[in-house]
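The values are calculated or read from the model by the stated rules, or taken from the named source; none is laboratory data. This one's a predicted model, so the numbers in the text were calculated from it and none came from an experiment. Positions of Cβ are generated from backbone atoms using ideal geometry, with glycine treated the same way; all protein chains shown enter the neighbour counts. Calculation scope for accessible area: heavy atoms of the full protein, side chains included, ligands and nucleic acids excluded. Shrake-Rupley method; radii C 1.70, N 1.55, O 1.52, S 1.80 Å.
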Amino acid sequence: MSSKLWLRRWSADDAQSVLTAFADPVMSWQVSEPIASLDSADRWLAVQSDQWARGVAFAFAVVDGEDTVLGNVAVSAVNRRHATGWVSYWTTQRARGQGVASKACRALARWAFDDAGLFRLELGHRVNNPASCRVALAAGFAVEGIERQKLEYDGTRYDVERHARLATDEEPALS
């Protein structure tokens, strides 16, 4: 895997990469409907494109120097009145544990502040997901508190730790 990472808009040509990413069982919690066919991957990509066109969410493919998809980073729930957005991210199985998500989140935050005109970005992760917490902290998102039993997966409720980053916060140190 190349050490350089790029964010680019998703394209229809990425359907196979999306399908491959979502074949990993841990990815099932990342979407509301399973992505188990090229048709469902195409639908997921179409939603990303539609949300971008409407200005309500902006999803980027995280790719290496060979344009291999390593993950996704997005800002959604964009509220123009308050200049806020919700950050989410996932990485492919082969990209996990290599700093891809934190680097992508730093780049997304800079884009959201500089190009999308947002001021506050929020994200949350299950408290039993320390890897996601490390991503948030490395990307400069400060801990703000716990939201009790916010998420439900497979009949189990999970507490969520909330993080936020402001446009006026210092850039996080590169690791």
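Here are some notes:
- So residue 31, is it farther than 28 Å from residue 128 by Cβ and either among the β-branched types (Val, Ile, Thr) or open to solvent by 80 Å² or more (accessible area, probe 1.4 Å) (or both): no
- Residue within the range 70-89 that is touching a residue at least 60 places away in the same chain (Cβ under 8 Å) and over 30 Å from residue 166 (Cα atoms) present: no
- Whenever a residue of the range 124-145 is part of a helix (DSSP H, G or I), its partners that are exposed (fewer than 14 other Cβ atoms within 10 Å of the Cβ), lying with C-beta atoms within less than 9 angstrom and at least six residues away or across chains, give the pairs 131/97; 133/143; 136/142; 136/143; 137/143; 138/173; 138/175.
- Of the residues making up the range 2-19, those that are loosely packed, with under 14 Cβ neighbours inside 10 Å and either farther than 26 Å from residue 110 by Cβ or not polar (S, T, N, Q) (or both) are 4, 8, 9, 12, 13, 16.
- Criterion violated by residue 118 - all others in (1) under 12 Å from the mean Cα position of the chain (by Cα); (2) crowded, with 16+ Cβ neighbours inside 10 Å satisfied: (1)
- From 160, 78, residue being under 23 Å from residue 44 (Cα atoms) and either open to solvent by 30 Å² or more (accessible area, probe 1.4 Å) or not in a loop (DSSP other than H, G, I, E, B) (or both): 78
- Hits in the range 163-175 (condition: farther than 24 Å from residue 29 by Cβ, among the small types (Gly, Ala, Ser) and either touching a residue at least 40 places away in the same chain (Cβ under 8 Å) or part of a strand (DSSP E or B) (or both)): 167, 175
- Of all residues in the range 27-69, those being among the aliphatic types (A, V, I, L, M), in a helix (DSSP H, G or I) and free of Cβ contacts under 8 Å to residues at least 40 places away in the same chain number 6.
- For the range 90-99, the set of residues classified as within 17 Å of residue 130 (Cβ to Cβ), in contact (Cβ under 8 Å) with a residue 40 or more places away in the chain and outside any loop (DSSP other than H, G, I, E, B) consists of 90 only.
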